Amino acid sequence: MNLSGRATIKHVNLRKEGPSEDQVLAVDVKLVCTTSADILAYFHPTLRALLFNDAGSPRIKQLDPIGLSGEVKHMDLDLAGIKLTRAEIKKFLFEPIDGHRVVFTFNASFEPARAQLIGIADLLGMEVAIDIRPEAELDLGGPGRQQFKAEPRPQAKPVTVEINMDKRCAACKKPGATQSGLCLKCAADKILGKIKRAARKPAARSKKK
């Protein structure tokens, strides 16, 4: 799947994933864009014809957005110049609109560096340039031929991060506190600190033995 253009960042979820002794920071970003209905061919070759008439209008005006399960792994994502690798694209929603176009909603999940996380937080609610494409070294066998399936995996409980620009961070006193009382930067520092301390504990116990 290849997609480039502009999209609005609607939501950001911050969470930890992986085994308890080796957890990493992960982010889910909800994106919404308007694009050509040609993208539907990636998911099924007849989906566009099912949803649109020959004039390019939706066949059923009252149709709710259509959700598709599954995920596309190992994608490179450029989000307003923030370059992310090994992203997973999932939670697809399509709303057909006039002109053979769809409002395309999806989630991108990845493990960012701390500086990237702060940059993404600054873009929340904004329309930004995006570019999504398979990792360069992957051979996907041509457009539309990659298998699209959901795979079972341990699910971390999602955490919704709400940023209030009228409330100051309890640690650094800057505007933009989350519901924890800390800004996104201080909250990320706190989580990373806990992960580092947890990683040091097994090493400390092994030295005592």
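Read the figures in this text as sums done on the coordinates, not as results from a lab. Everything numeric in this text was worked out from a predicted model, so none of it was measured. Cβ sites come from the backbone with ideal geometry, for glycine too, and all protein chains shown count toward neighbours.
Below, the figures for the structure above:
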item: E21 versus E111: modelled label distance in nm, points set 7 Å from Cα along the beta carbon direction; result: 1.7 nm
item: The range 1-59 - percent relative contact order, Cα under 8 Å, separation 6 or more; result: 25 percent
item: Summed residue charge, Cβ within 11 Å of L31's Cβ, Lys/Arg positive, Asp/Glu negative; result: +2
item: Amide hydrogen neighbours beyond the local backbone of Q179, cut-off 5 Å, H modeled; result: E162
item: Per-residue HN-Hα couplings for the range 117-126 [Karplus 6.51, -1.76, 1.60; θ = phi - 60°; Hz; x = Gly/Pro]; result: 4, 5, x, 5, 4, 5, 8, 4, x, 9
item: Qualifying trypsin sites (Lys or Arg not before Pro) for the range 1-103 [loop in DSSP, other Cβ within 10 Å: at most 11]; result: R59, K61
item: FRET efficiency for I66 and R133, using Cβ-Cβ distance with R0 set to 22 Å, rounded to 0.05; result: 0.40
item: Three-way shape call for the range 1-137 based on the alpha-carbon gyration tensor, with the a/c threshold at 1.5; result: prolate
item: Low-density loop cleavage sites - chymotrypsin sites (Phe, Trp or Tyr not before Pro) in the range 90-129, where at most 14 other Cβ are within 10 Å (DSSP); result: none
item: Label point distance in nm, D78-L124, each placed 7 Å from Cα along Cα→Cβ; result: 2.6 nm
